[in-house]
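Peer 1: Structure below; questions to follow.
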């Protein structure tokens, strides 16, 4: 009988994960189509553009080397052994996964057979979660800096400086983390790389829509002509409005995020209180194999529920 419940739980979990992946794919394709439509509306006479910065947007998650570069932990392109950081991350994740198996074996009497894989996956995901968190913080700092950077470039170009000189001035005066990114751009240009390649590498290292719009504006201006200072100034204004709207949406959705945390922590708090006040009340769960299996499945379902609520409250602008 317990094996039947475990099989049912694994089947439902597989169906849920598959549905989530299909939904994420549909949302990504929808965003890409909207972005392509925006490009056509901006320049109706040119349905396609020669640069692929807007069409081939970098993956949000990215490969493991990209994750380190985007989180600010990687070395500049062309230095250091390739894949050194991802291998180290995998080694740490493997070690923590083995530690999770040890912890899960100790909790198997309480949570049943689901304790082993749950603890191993949870412990092994810790280093990836830390890298992802560092990346999110770094990208948020870059988003806040970008309007000021565009204003600086617009003023410099309006004063008569060439774009390369403006980028060098920006690399010397901007604050981190954008300073190091534009410093890499100027170094690539100084070593003979084309402007398109240097800016495309910037869009890969900083996978933000702000960066892609900036790169596309510069490359399109070089091909079609126009007032680059005015384009950068208008883009800076648009990005400020977007950040202001995002802050408003974040403040409005704060109640939803708080509710998700409370709903996730409440069952754990109630179970701990019951364990302290009336231990015999939980003997049906912790004393029977089926109860332990259902308890472990409840923990997994609670984690999945929190991830779903977090996805719903995380509104992209």
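Please treat every number below as a calculation from the coordinates, not as lab data. From a predicted model like this one, the values you see are computed outputs, not experimental measurements. Glycine also receives a Cβ, built like all others from the backbone with ideal geometry; neighbour counts cover every protein chain displayed.
Peer 1: May I ask you to compute the full-extension gain from residue 180 to residue 314, defined as 0.36 nm times their residue separation minus their alpha-carbon distance, rounded to one decimal in nm?
Peer 2: Net length gain for the segment: 45.4 nm.
Peer 1: Given a Förster distance of 35 Å, report the FRET efficiency between residue 90 and residue 278 from their Cβ-Cβ distance, rounded to the nearest 0.05.
Peer 2: With R0 = 35 Å, the Cβ-Cβ based efficiency is 0.20.
Peer 1: Please grab the % of Cα pairs in the stretch 137-250 that end up more than 17 Å from each other.
Peer 2: The calculated P(r) of the stretch 137-250 puts 53 percent of pairs beyond 17 Å.
Peer 1: Does a label point 7 Å from the Cα of residue 252, set along Cα-to-beta-carbon, have any residues of the stretch 284-317 with amide nitrogen under 16 Å, and which are they?
Peer 2: Counting only backbone N, you get 312-317.
Peer 1: Quick one: 142, 165, fewest Cβ neighbours within 10 Å first, how do they rank?
Peer 2: Lowest count first: 165, 142.
Peer 1: Exposure proxy check: 237, 186, 114 ranked by fewest other beta carbons within 10 Å?
Peer 2: Exposure proxy ranking, most exposed first: 237, 186, 114.
Peer 1: Given R₀ = 22 Å, what would the calculated FRET efficiency be for residue 136 paired with residue 269, taking r from the Cβ atoms and rounding to 0.05?
Peer 2: With R0 = 22 Å, the Cβ-Cβ based efficiency is 0.20.
Peer 1: Counting other beta carbons within 10 Å of each residue's own, what order do 144, 151 fall into, fewest first?
Peer 2: Lowest count first: 144, 151.
Peer 1: Multiply the residue separation of residue 101 and residue 237 by 0.36 nm, subtract the distance between their alpha-carbon atoms, and state the gained length in nm to one decimal.
Peer 2: Taking residue 101 through residue 237 to full extension adds about 43.8 nm, to one decimal.
Peer 1: Relative to the compact globular guide of 2.2 N^0.38 Å, what is the alpha carbon radius of gyration of the stretch 253-317, as a ratio?
Peer 2: 1.39
Peer 1: I'd like the distance separating the alpha-carbon centroids of the stretch 196-222 and the stretch 170-184, in whole Å.
Peer 2: Centre-to-centre distance over Cα atoms comes out at 15 Å.
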